[in-house]
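The values are calculated or read from the model by the stated rules, or taken from the named source; none is laboratory data. This structure is a prediction, so every number in the text was calculated from the model and none was measured. Note: ideal-geometry Cβ built from the backbone for every residue, glycine included; neighbour counts use all protein chains shown. These area figures cover heavy atoms from the full protein model, side chains too; ligands, DNA and RNA do not enter into them. Shrake-Rupley method; radii C 1.70, N 1.55, O 1.52, S 1.80 Å.
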Amino acid sequence: MCDYIIAERGSKLGLPEAKVGLIPAAGGTKTLADKVGVSWAKRIILGGEVVSAEQALKIGLIEEVVDQGFAKIVAVSLANKVAGQGPVAVAAARKLIEDSPNLNLDEHLKRERAATLGLVGGSEQLEGVAAFLAKRAPGWAQDDDD
């Protein structure tokens, strides 16, 4: 349920709940299956398989493997990149991305158009363009009601 998942070399990832008579909660069975596919989700959840960071990268469970001691540095760097984008645009894009598996293309495009039209001409979009043209960092409003 993360925007990005980073693991350090040598890390092991798994969902061991079935070993103690439980199942992954908080959406773990769905989010894992959505991320890596049903077969890998079954191997990890039903079989109690633990995967290395390198294998997790291959199956799409994580996006990046970094050297030990660097996960927090890379995660903060990625978070800072997101924080530098238009917050309303980021929220709209995140929602569209998260909803996309449940929508057909026509419905997704309809929602995407609506989100785009909601952003065009708003203070965030105007500030973003002005900052780009002036070759400066944008000054995003803290409480943008657009």
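Annotations for the structure displayed:
- Estimated FRET transfer efficiency when R0 is 25 angstrom, pair Lys19-Lys58 (beta carbons, to 0.05): 0.55
- Shown in residue order for segment 54-67 are the 3J(HN,Hα) couplings computed by the Karplus curve 6.51 cos²θ - 1.76 cosθ + 1.60 at θ = phi - 60°: 5, 5, 4, 5, 4, 8, x, 6, 10, 9, 7, 10, 10, 5 Hz (x for Gly and Pro).
- Computed lengthening from Lys72 to Lys35, 0.36 nm per intervening residue step minus Cα-Cα distance: 11.1 nm
- Percent carbon-and-sulfur accessible area, the chain, ignoring ligands, DNA and RNA, probe 1.4 Å: 59 percent
- Per residue, the chain exposes 68 Å² of solvent-accessible protein surface, assessed with a 1.4 angstrom probe and all protein chains in place.
- Close Lys pairs in segment 1-145 (alpha-carbon distance under 24 Å; sequence gap of 8 or more, or different chains): 21.
- Over the Cα atoms of the chain, the radius of gyration divided by the Kirkwood radius equals 1.07; this is the Rg/Rh ratio.
- Dividing the Cα radius of gyration of segment 1-59 by its Kirkwood radius returns 0.94 for Rg/Rh.
- Gain on full stretching of the segment that runs from Lys81 to Glu8 - 0.36 nm per residue minus C-alpha separation: 24.3 nm
- Rounded to the nearest 10 degrees, the angle from helix 105-119 to the longest Cα principal axis of the chain is 40 degrees.
- Whole-Hz ³J(HN,Hα) from phi, Karplus 6.51 cos²θ - 1.76 cosθ + 1.60, for segment 34-44, glycine and proline x: 5, 7, 10, x, 5, 4, 5, 4, 5, 4, 6
- Among the trypsin sites (Lys or Arg not before Pro) in segment 37-146, those located in a DSSP loop and surrounded by at most 14 other Cβ atoms within 10 Å of their own Cβ are Lys135, Arg136.
- Here each label is just a point 7 Å from Cα along the line to Cβ, and for Leu46 and Glu107 those points are 2.8 nm apart.
- Here the contact order of the chain, divided by its residue count and restricted to Cα pairs under 8 Å and six or more residues apart, works out to 22 percent.
- Difference of contour (0.36 nm per residue) and Cα-Cα distance, Glu98 to Ala114: 4.1 nm
- Amide H within-cut-off set for Glu8, under 5 Å, with H built and near neighbours excluded: Val66
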